[in-house]
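Working notes, structure below.
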Amino acid sequence: MPSVEGHWIEVADRVLVRRHSELDLSVGLVLGDGGCLVVDTRGDARQGAELAAEVRRITPDPWTVVITHSHFDHSFGTGAFLDCPVWAHEACRGDLVANGCAARDTWARWYRDQGRDDIADDIAGTEIALPDRLVSSGGELVAGGRRVVLAHFGPGHSGNDLVVHVPDADVVFAGDLVENGAPPDYEDAAPLAWPAALDGLLGLPGTTAATTVVPGHGDPVGRGFVVAQRAEIAAVADLCRRVASGELDREHAVRLSPYPRETTLTALDRVS
Ligand SMILES: [Zn+2]
């Protein structure tokens, strides 16, 4: 039997993060009385089922799911948790409807090219489940008696990033608005708007100097990490603006960027 991927860490009172080596992904679990909240569902039907089974080893309580954004690695495992409420930004559902099948093909091909036929097959065989509790600018839910705040601060890493705040634990699940251990991913991003989205996250009422922020990839971080990453993302936004206006050429922008060449060029391509 292959061992199950991932391990839990408890980042605050009854708030857990499951860390995975695959894509360095982090998903969340908020435990309450008689209910729990799962934050993101991993990247395919098998991974989602594995995660659901691991949650079941911790709690028998009914679960609610929230999806931080529509990218496959955060949302394609949702089917394993149904039937249950699935929260997301309204544009997350829209993106999954419009582009989910194309994303499934793209990532199945990507894994096949990496020689990972097992994951490629799992993705290709995944039925994409859609969120049914949709928010636009934000909302609230209660899971197991714990209040959870959902907030959307405009486009950033994607067009549908949803921040998940657990005020009683002082924990924020940031999705891929924050990335630890690798440069932020601009593939589907709005580089000019991203800094404002992070300002929204940093300004969430009830957050403190001690707030724990859980990125979509990498280990949990503190507020200082987010402030520093916000400065880098703002620097990239400035470079994008200057290249778009003709003030700066692309190679010069690459040299000035806080991020590697490929990351910077991807960001520049998103702004014209
Ligand atoms: Zn993403």
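The values are calculated or read from the model by the stated rules, or taken from the named source; none is laboratory data. For clarity, every value in this text was computed on a predicted model and none was experimentally measured. Glycine gets a Cβ as well: all are built from the backbone with ideal geometry, and neighbour counts include every protein chain shown. Quick note on the areas: whole protein, heavy atoms, side chains included, nothing else; ligands and nucleic acids left out. Shrake-Rupley method; radii C 1.70, N 1.55, O 1.52, S 1.80 Å.
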Restricted to the chain, the DSSP antiparallel beta bridge percent, nearest 5, is 65 percent
Could you state the accessible area per residue of the stretch 37-130 in Å², with a 1.4 Å probe and every protein chain left in place?
-> 42 Å²
For the chain, alpha-carbon Rg relative to the globular expectation (2.2 N^0.38 Å, N residues) | 0.98
Grab the beta carbon distance between residue 244 and residue 117, set R0 = 30 Å, and tell me the FRET efficiency rounded to 0.05.
-> 0.15
Mean-square fluctuation maximum in Gaussian network of the chain, Cα pairs under 10 Å, restricted to 85, 60, 215, hits 60
What residues qualify as long-range amide H neighbours of residue 6, i.e. H under 5 Å apart, gap of 5 or more or another chain, H built at 1.01 Å from N?
-> 21
Rank 59, 68, 78 by mean-square fluctuation in a GNM of the chain with C-alpha springs under 10 angstrom and give only the top-ranked residue.
-> 59
Got a sec? Charge dipole of the stretch 5-135, +1 on Cβ for Lys and Arg, -1 for Asp and Glu; which of 115, 23, 88 is way out at the positive end?
-> 88
What residue among 122, 73, 83 has the largest mean-square fluctuation in a Gaussian network model of the chain, using Cα springs under 10 Å?
-> 83
Report, in debye and to the nearest 20, how large the dipole of the stretch 142-225 comes out about its Cα centre when Lys and Arg carry +1 and Asp and Glu carry -1 on their Cβ.
-> 380 debye
Using amide H atoms built 1.01 Å from N in the peptide plane, name the residues 5+ places from residue 89, or on other chains, whose amide H lies under 5 Å from its own.
-> 135
For the stretch 133-157 and the stretch 93-121, what is the separation of their C-alpha centers, rounded to whole Å?
-> 27 Å
Cleavage-rule hits, GluC sites (Glu not before Pro), the stretch 198-263, DSSP coil, Cβ neighbours within 10 Å at most 15 | 247
For the stretch 195-252 and the stretch 1-49, compute the distance between their C-alpha centroids and round to whole Å.
-> 25 Å
Counting only complete DSSP H runs, which helices of the chain cover 15 Å or more along their long axis at the Cα atoms and score a mean Kyte-Doolittle of 0.0 or above?
-> 223-244
